[in-house]
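Presented below is the structure to which this report refers.
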Amino acid sequence: MPAAAAAAAPPNPNVLQLAPRLRGLVSFPSSYSSSSPFSNRLRLPRAASMSAEARVPVAPPAHPTYDLKAVINLALSEDAGDRGDVSCLATIPSDVKAEATFIAKEDGVVAGISLADMIFKQVDPSLKVEWFESDGNYVHKGLQFGRVYGCARNIIVAERVVLNFMQRMSGIATMTKAMADAAHPACILETRKTAPGLRLVDKWAVLIGGGKNHRIGLFDMVMIKDNHISVAGGITNAMKFVDRFLAKEKLALPVEVETRTLQEVKDLLEYAAENNTSLTRIMLDNMVVPLGNGDIDVSMLKDAVELINGRFETEASGNVTIDTVKKIGETGVTYISSGALTHSVKALDISLKIDTELALQHSVVLLDTC
């Protein structure tokens, strides 16, 4: 789904405010012609653009304090340092324009296209960006799925930041898609095991890959785990304290409690039957037991699901892999959570290559006029 190309505009003040040194890093051409010889030169097979699956854009998760633009600014600023891109400043005249093509270097689910648009706009609003695939689409090795045209320096300044985000997000989305398909009819969730500072980016990629988000942070769900239970003096006490706290604070939040044994499940169900409780979900932790032959025993998980009998949502956690998730999903659990979706993701290889022939032609013209 092609993104609307950004119209020529004055420099974005957000970029210039990163630090005074960025003024030497980024140059902002006032305008350029849409009839430039660089336009319509992307060597993209017609079939590739025609086959792109149109999708409704996936919005990032909501968060009360997370500032995505600030994350982008930080990524650009750590690249700029105190001098800017000395390689570009040394080799590329400020008014040279170029066209660069996004190429998938391996098969997978592409993610981060919407974020890439934000980065390019933050670096240089006059860059023209066009996409032939959408976030969540499957791309094959060698597919050219997007292009960017404009000031060569600014394309290169944005390049690594764009690719770092896109490759990580695409790796997460690719694994999520595989896990979500295998887990059906259960829903696949990530956890809070995300890269520091990239919580929303990682969780956004999970949504793009077809998964659902677990709690965003410590603020949007009460989640009672083993340490809480130990300090509270047992699972019943912990749940009692939660109900009292929420009533006192007049808070309406989802509540999940981790159980590790069938007895804890029974104790929690007994408490819920005798009290007006805020409990919404029961986590069944490590009730998937690995076997020596590589298979898994899900009998305890099945027993727990049968005990709960639909009274609350259920979530399986522990020993979840691409090889085990199908069998876990067949037990009847509502959700399956996997920290591996984000904490040990393999990035999807993507490159951004400048049309060398066109850039050289423009450079020669510049040199001839000097």
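The values are calculated or read from the model by the stated rules, or taken from the named source; none is laboratory data. What you see is a predicted model, and the numbers here were worked out from it, not measured in a lab. All Cβ positions, even for glycine, are placed from backbone atoms using ideal geometry, and neighbour counts span all protein chains on display. We work out accessible area using only protein heavy atoms, side chains counted, and drop any ligands, DNA or RNA first. Shrake-Rupley method; radii C 1.70, N 1.55, O 1.52, S 1.80 Å.
Data overview
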| quantity | calculated |
| --- | --- |
| Count of the stretch 201-212 residues which are open to solvent by less than 40 Å² (accessible area, probe 1.4 Å) and more than 11 Å from MET169 (Cβ to Cβ) | 1 |
| Some residue of the stretch 275-289 being open to solvent by 60 Å² or more (accessible area, probe 1.4 Å) and farther than 21 Å from CYS187 by Cα | yes |
| Count of residues meeting criterion [small (Gly, Ala, Ser) and either part of a helix (DSSP H, G or I) or in the same structural domain as VAL206 (by the TED database) (or both)] in the stretch 127-164 | 2 |
| Subset tally (residues that are open to solvent by 20 Å² or more (accessible area, probe 1.4 Å), within 19 Å of TYR66 (Cα to Cα) and part of a loop (DSSP other than H, G, I, E, B)) for the stretch 176-200 | 8 |
| Cβ-Cβ under 7 Å pairs, at least 6 apart or on other chains, the stretch 236-249 side without any contact (Cβ under 8 Å) to a residue 40 or more places away in the chain, far side open to solvent by 70 Å² or more (accessible area, probe 1.4 Å) and assigned to a helix (DSSP H, G or I) | ALA238/HIS228 |
| Wholly enclosed helices (runs of 4 or more DSSP H) of the stretch 1-120 bearing at least 1 residues modelled with pLDDT under 50 and either acidic (Asp, Glu) or surrounded by 15 or more Cβ atoms within 10 Å (Cβ to Cβ) (or both) | 13-16, 46-50 |
| Among (1) part of a loop (DSSP other than H, G, I, E, B); (2) under 21 Å from ALA205 (Cα atoms), the one test that LEU341 misses | (1) |
